[in-house]
Amino acid sequence: MIELLAPAGNFKCLVAAVNAGCDAVYFGLKEFNMRAMAKNFDISDLPKMRKMSKKLYLTLNTIIYDEELKRVETIIKKSKKYVDAIICSDIAVMMLCKKYKVPFHVSTQCSVSNSETAKFYKKLGAKRIVLARELNLKQIKKISKIIPVEVFVHGAMCVSVSGRCFTSQFLFNKSANRGECLQPCRRSYFVKDEEGNELRVNNNYIFSAKDLCALPFVKDLKKAGVSAFKIEGRNREPEYVDKTVRAYRKAIDNNLTNKEIQKELKELKKVYNRKFSSGFFLKNPVNDFSDVEYSNATQTKRFIGKVKHYYDKIKVALIYMNAGELKIGDEIMITGNTTPIIYHKIKSMEIENKKVDKVKKGQEVAIKVPVCRKGDEIYKVIKK
């Protein structure tokens, strides 16, 4: 049984992941995780999270200094009864996990890329290894015979080995190895020769890799013995989590036809991406640099308002328009801390029991929509 792991940077993403069909979520607390820029969670959130998800994997995967060991130990003790495993890279964290009998998975930050290293971590007590991203299917298959392995199948890739980059540290004193990366690799750059002649590099963002997408060859990853498929994206929006989890859920559970794969790829392109690459799985990536600075998504969203009240019996939401405008035929997206992602095309609207074709900022409008809750956010979906 292959496990599908989804990223959760906040409660909205957690709800989206679970509703879309993931088997587990991985997340960080506000300390010691590789996505310090995400909203993340507090230890006090863990009981609620435990009730919401089948499995919870806590990331404590940064490098750890001596003065931080006591705090890390406290986190492990307090989270022990709520999490199914801890994902870590520092051996000190692994030893603390063993001390308190908490299962641990070896993070991709350890760049495990051969069978002897896999044997070492298995002997140390690891239950699973998140493999280095620089492995092909043949290499993965060999290691998977030693210990259960997890691989990233979708999301951002780094031009540095398994993400261990120092560019952000050197330029801004923000260490990627402490989860603080400011992603200077995503920018455009100029090159200058010794005489001062300067050119802008227009063809590609020369340090910015395309996003990984393994959807077309999921069946090959299955044959390679992969135990868990992991989606990158703890800094991404709930709609990204929703669409990626749904696509890979279908691919894992079914033998998709090429037509079905293309349909799912079209859905994946709607949310954040820098165009897609097969990574190292099939061959060494050559010229797999992105040609966009931010996202190549085919649609975006614009916040327009919040749900003031939801009339459950008649399935109608009263929405206050904080910004923009809506008209019949527009598509909206609804999201909330306890409401999964809902897409809905507007067929009718009313203001004070009178039908209207258009509403704008400052108005309250009643719209018939699927289930939602007071306080949920409403976004207008915009095609690019």
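Would you check if Ser295 is more than 28 Å from Asp45 (Cβ to Cβ), surrounded by 14 or more Cβ atoms within 10 Å (Cβ to Cβ) and in contact with a helix residue (DSSP H, G or I) (Cβ under 8 Å, 6 or more places away or on another chain)?
no
Can you tell which of Phe303, Phe217, Phe289 is surrounded by fewer than 22 Cβ atoms within 10 Å (Cβ to Cβ) and out of contact with any strand residue (DSSP E or B) (no Cβ under 7 Å at 6 or more places or on another chain)?
On the way: Phe303 fails: out of contact with any strand residue (DSSP E or B) (no Cβ under 7 Å at 6 or more places or on another chain); Phe289 fails: out of contact with any strand residue (DSSP E or B) (no Cβ under 7 Å at 6 or more places or on another chain).
Exactly one of Phe303, Phe217, Phe289 is surrounded by fewer than 22 Cβ atoms within 10 Å (Cβ to Cβ) and out of contact with any strand residue (DSSP E or B) (no Cβ under 7 Å at 6 or more places or on another chain), namely Phe217.
Report every pair of residues separated by at least 6 positions or lying on different chains whose Cβ atoms are under 8 Å apart, first residue within segment 124-150 and modelled with pLDDT under 95 and surrounded by fewer than 20 Cβ atoms within 10 Å (Cβ to Cβ), second of a type in the set (Val, Ile, Thr) and not in a loop (DSSP other than H, G, I, E, B).
Glu134/Val161
Strands (runs of 3 or more DSSP E) wholly in segment 266-384 with at least 1 residues that are in contact (Cβ under 8 Å) with a residue 60 or more places away in the chain and not small (Gly, Ala, Ser) - which ones? I'd like the intermediate steps shown before the answer.
Working: elements: 299-311, 316-321, 325-327, 331-335, 342-345, 349-351, 354-356, 358-360, 364-368, 377-383.
Hits in segment 266-384: 299-311, 331-335, 377-383.
Residues of segment 6-41 being more than 22 Å from Asp376 (Cα to Cα) and assigned to a loop (DSSP other than H, G, I, E, B), which ones?
Of everything in segment 6-41, those that are more than 22 Å from Asp376 (Cα to Cα) and assigned to a loop (DSSP other than H, G, I, E, B) turn out to be Cys22, Asp23, Lys30, Glu31, Phe32, Asn33, Met34, Arg35, Ala36, Met37.
Only one of Ile129, Ile86, Ile143, Ile147 is over 24 Å from Ile43 (Cα atoms) and in a strand (DSSP E or B). Can you tell me which?
Just one listed residue meets the conditions, Ile129.
Just to be sure I understand, how many residues within segment 168-198 are farther than 25 Å from Cys110 by Cβ and either at pLDDT below 70 or acidic (Asp, Glu) (or both)?
The number of residues fulfilling the criteria is 4.
Is one or more of the residues making up segment 223-241 outside any loop (DSSP other than H, G, I, E, B), over 30 Å from Lys358 (Cβ atoms), more than 16 Å from the chain's Cα centre (by Cα) and modelled with pLDDT of 95 or more?
Yes, segment 223-241 contains at least one residue that is outside any loop (DSSP other than H, G, I, E, B), over 30 Å from Lys358 (Cβ atoms), more than 16 Å from the chain's Cα centre (by Cα) and modelled with pLDDT of 95 or more.
Can you tell me which residues in segment 44-58 are touching a strand residue (DSSP E or B) at 6+ places or on another chain (Cβ under 7 Å) and either at pLDDT 95 or above or not assigned by TED's automatic domain parsing to the domain that holds Ile231 (or both)? Even if it seems obvious, please write down each step before you answer.
The first filter runs over segment 44-58 and keeps only residues touching a strand residue (DSSP E or B) at 6+ places or on another chain (Cβ under 7 Å), leaving 49-50, 53-58.
Met49, Arg50, Lys55, Leu56, Tyr57, Leu58 - these are the residues of segment 44-58 that are touching a strand residue (DSSP E or B) at 6+ places or on another chain (Cβ under 7 Å) and either at pLDDT 95 or above or not assigned by TED's automatic domain parsing to the domain that holds Ile231 (or both).
The values are calculated or read from the model by the stated rules, or taken from the named source; none is laboratory data. Predicted model only: the values in this text are computed from it and were never measured. FYI the Cβ positions are ideal-geometry reconstructions off the backbone, even for glycines, and counts take in every protein chain you see.
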